[in-house]
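The structure appears right after this line, and notes come after that.
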Amino acid sequence: MEFTVINSDVGRFSRDDDHHNDSDASSTRKFEDVGCLDLSCSNILHIANLCLISSTNLTSLKLPVNRIDKICNLDAYTNLVELDLSHNHIKQIENLQGLIKLRRLTLNHNPLTNVQNLDTQRNCLEMLDIGYCKIADYKFTLYLRKFTNLISLIVEGNPCQTEPIYSERTFILSIVQSLLVYNNKTVTVEERKEALDTHSQLVAMLEKNDKKWKRMSVDEQLRLERLAGRKNAFLDGIPEGEDVDFNVNVFRNPTVEQVLMENSRYGIHNVYRGYADNFRRLITEITEAAETSRGIRARLVDEFHCDLRQLIDGGVDESRKCVSEFAEHKKRVKCELSAGTGDGVSPSTNADVACGRFGERMRVTWLTLMGHEDQLSRKITKMIGELRDVLEKQIVEFKQLVNNRFCMLQRQQNIFLQFILEYAVSSVQSDDINNRISRVSQFTNDISQCMESQASQVERAELYITKSASKWLDDVFDKLNSEEFQRNRRKISEIASFIRYQNETLKRTQS
């Protein structure tokens, strides 16, 4: 398992010191042959490094009361029958496809909101404990209805409830009809019959609505994903699809409409269509540039997180090696103190010398661990700075392209409006002077107002995209810097706790 840097070896070597005198080879062999492994209350952060355990022999894995936030790296354990991950920080059931023989799954006291991704266990799961999670409704029961061998279910302590509250038991039993035990209480024949009689129509309606809800959920999910994608590309203020209408969204203007309506035979509509096509092309270019920029930014951030994970893992390995060496030294010191001395030196003198060496080694270990963390923090800070330089350059290029396309769009609009104005003015040259002056004044005002309106719209759209890009950049690095600060504080705290524990051990030995 991958522990925090400190607790890994403290836990392991404290057990070795107190309970085991076997050789390393013997201990490793016993570890490989283990069938039931209980690592509760071990401060485990991630499920990893299980390669030391035989995937053939392990049938029960218990990891309650740890700090695990994701289920992973269990695919090889196809013979696992029992898995206990209660009292952790798991938000989603996932990555259990390889556990084809799993019968008992315990997940209580986790921030779970749904029951899902257990299709592989549909015919083998017998007990499921999801009590005291954050499940807010009973839709999961329709999913569990398909688990034909599920005989025990625990859901108490979740925020979901029925009205009246006491009807919850019969409601659940009417849906998951294979249950023999519900919330640690045996299901009687009379209860089952009452549940089916009371809720049969409701169950049928729920199943029908569930199918409809799933279809709607898929459509809604796709819509939300599309909207989220456009927002991440800073395009949520830009028209798309059929909304990119040159006249409706850009030139809703009396003079433009009048000229188009009265002069179709003179090719005005062909000119209009040419400008409309250019408008759509420029909008498309802006959209494609934004989508391309989003893809590049996402790839750069993903690559950064991958490199960061490798760097942190490397730092963890260095620190674990240092702590392992210190623990080995501690074991040797204990052996020396237990064996005593045969060269005429008093036991108290021998103990003082051993404690002095132990104290010096502890100081060196502390300095080494702090040095490792300082180097790691510097490297991470440098990586964050390099990523910011790359992303800033990419954002600047994106802003320049957007600015260029919006300027072209503004010029196209102004040229078209100027063309319309000139044509409208020429169309009233045969009128009497008073009427001509009035019409020209009206045309000029209409076109001027339209130009100002379109210039304002273009400016707002461009400003929104550039501001959104800058805000995205600031948010990304505020988060990265905050996460690094918290990680660094957490590791320093762990090192301090480790040294404090060793100091207490040294004082007890000296006394």
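The values are calculated or read from the model by the stated rules, or taken from the named source; none is laboratory data. Treat the numbers as computed from the prediction; the structure is a model and nothing was measured. No Cβ is skipped: glycine too gets one built from the backbone with ideal geometry, and neighbour counts run over all protein chains shown. The accessibility values were calculated without ligands, DNA or RNA, using every heavy atom of the protein model including side chains. Shrake-Rupley method; radii C 1.70, N 1.55, O 1.52, S 1.80 Å.
Which residue out of ARG490, ARG508, ARG500 is open to solvent by 30 Å² or more (accessible area, probe 1.4 Å), touching a Ser or Thr at 6+ places or on another chain (Cβ under 9 Å) and without any contact (Cβ under 8 Å) to a residue 40 or more places away in the chain?
Working: ARG508 fails: touching a Ser or Thr at 6+ places or on another chain (Cβ under 9 Å); ARG500 fails: touching a Ser or Thr at 6+ places or on another chain (Cβ under 9 Å).
One residue alone meets the criteria, ARG490.
Report every pair of residues separated by at least 6 positions or lying on different chains whose Cβ atoms are under 6 Å apart, first residue within the stretch 461-477 and among the charged types (D, E, K, R), second surrounded by 14 or more Cβ atoms within 10 Å (Cβ to Cβ).
Pairs that qualify, where the first residue is among the charged types (D, E, K, R) and the partner is surrounded by 14 or more Cβ atoms within 10 Å (Cβ to Cβ), are GLU462/PHE406.
Take ASP478 and tell me if it is loosely packed, with under 12 Cβ neighbours inside 10 Å and over 30 Å from LYS331 (Cβ atoms). Give the derivation first.
Details: loosely packed, with under 12 Cβ neighbours inside 10 Å: yes; over 30 Å from LYS331 (Cβ atoms): yes.
Against the criterion (loosely packed, with under 12 Cβ neighbours inside 10 Å and over 30 Å from LYS331 (Cβ atoms)), ASP478 qualifies.
What residue, among those in the stretch 285-336 that are closer than 30 Å to GLN502 by Cα and among the polar types (S, T, N, Q), is least open to solvent (accessible area, probe 1.4 Å)?
Of everything passing the filter in the stretch 285-336, SER319 is least open to solvent (accessible area, probe 1.4 Å).
One line per residue, one yes/no per condition, for (1) at pLDDT below 70; (2) loosely packed, with under 12 Cβ neighbours inside 10 Å; (3) of a type in the set (Val, Ile, Thr):
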{"site": "LEU224", "(1), (2), (3)": "no, yes, no"}
{"site": "GLY229", "(1), (2), (3)": "no, no, no"}
{"site": "PRO239", "(1), (2), (3)": "yes, no, no"}
{"site": "GLU242", "(1), (2), (3)": "yes, yes, no"}
{"site": "ASP245", "(1), (2), (3)": "yes, no, no"}
{"site": "THR255", "(1), (2), (3)": "no, no, yes"}
{"site": "VAL259", "(1), (2), (3)": "no, no, yes"}
{"site": "TYR272", "(1), (2), (3)": "no, no, no"}
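Output the number of residues of the stretch 161-191 satisfying the condition of being modelled with pLDDT under 80 and surrounded by fewer than 17 Cβ atoms within 10 Å (Cβ to Cβ).
Total satisfying the criteria: 7.
How do the pairs read when you match residues in the stretch 125-151 that are open to solvent by 70 Å² or more (accessible area, probe 1.4 Å) with residues anywhere that are in a helix (DSSP H, G or I), using Cβ under 6 Å and keeping only pairs 6 or more apart or on different chains?
From residues that are open to solvent by 70 Å² or more (accessible area, probe 1.4 Å), the pairs are ARG145/ILE175.
Condition test on ALA276, is it modelled with pLDDT of 80 or more and either touching a Leu at 6+ places or on another chain (Cβ under 9 Å) or more than 22 Å from TYR501 (Cα to Cα) (or both)?
Numbers: modelled with pLDDT of 80 or more: no; either touching a Leu at 6+ places or on another chain (Cβ under 9 Å) or more than 22 Å from TYR501 (Cα to Cα) (or both): yes.
Against the criterion (modelled with pLDDT of 80 or more and either touching a Leu at 6+ places or on another chain (Cβ under 9 Å) or more than 22 Å from TYR501 (Cα to Cα) (or both)), ALA276 does not qualify.
Mind listing whichever residues of the stretch 74-96 are hydroxyl-bearing (Ser, Thr, Tyr) and either open to solvent by 30 Å² or more (accessible area, probe 1.4 Å) or under 15 Å from ASP129 (Cα atoms) (or both)? It would help to see each step written out before you state the result.
Within the stretch 74-96, the subset hydroxyl-bearing (Ser, Thr, Tyr) is 77-78, 86.
Within the stretch 74-96, THR78, SER86 meet the criteria.
Among the residues of the stretch 478-487, write down those that are touching a residue at least 40 places away in the same chain (Cβ under 8 Å) and over 24 Å from VAL323 (Cβ atoms).
Within the stretch 478-487, LEU480, ASN481 meet the criteria.
Is at least one residue of the stretch 451-460 closer than 30 Å to PHE304 by Cα, under 35 Å from the mean Cα position of the chain (by Cα) and open to solvent by 30 Å² or more (accessible area, probe 1.4 Å)? Full working, then the answer.
To start, the set of residues in the stretch 451-460 that are closer than 30 Å to PHE304 by Cα comprises none.
Checked the stretch 451-460: no residue is closer than 30 Å to PHE304 by Cα, under 35 Å from the mean Cα position of the chain (by Cα) and open to solvent by 30 Å² or more (accessible area, probe 1.4 Å).
What do you reckon, is ILE296 in a helix (DSSP H, G or I), under 22 Å from the mean Cα position of the chain (by Cα) and closer than 30 Å to GLU462 by Cα?
Working: in a helix (DSSP H, G or I): yes; under 22 Å from the mean Cα position of the chain (by Cα): yes; closer than 30 Å to GLU462 by Cα: yes.
For ILE296, the condition - in a helix (DSSP H, G or I), under 22 Å from the mean Cα position of the chain (by Cα) and closer than 30 Å to GLU462 by Cα - is met.
Got at least one residue in the stretch 437-447 being open to solvent by 70 Å² or more (accessible area, probe 1.4 Å), more than 20 Å from LEU401 (Cβ to Cβ), out of contact with any strand residue (DSSP E or B) (no Cβ under 7 Å at 6 or more places or on another chain) and touching a residue at least 60 places away in the same chain (Cβ under 8 Å)?
For the stretch 437-447, residues open to solvent by 70 Å² or more (accessible area, probe 1.4 Å), more than 20 Å from LEU401 (Cβ to Cβ), out of contact with any strand residue (DSSP E or B) (no Cβ under 7 Å at 6 or more places or on another chain) and touching a residue at least 60 places away in the same chain (Cβ under 8 Å): present.
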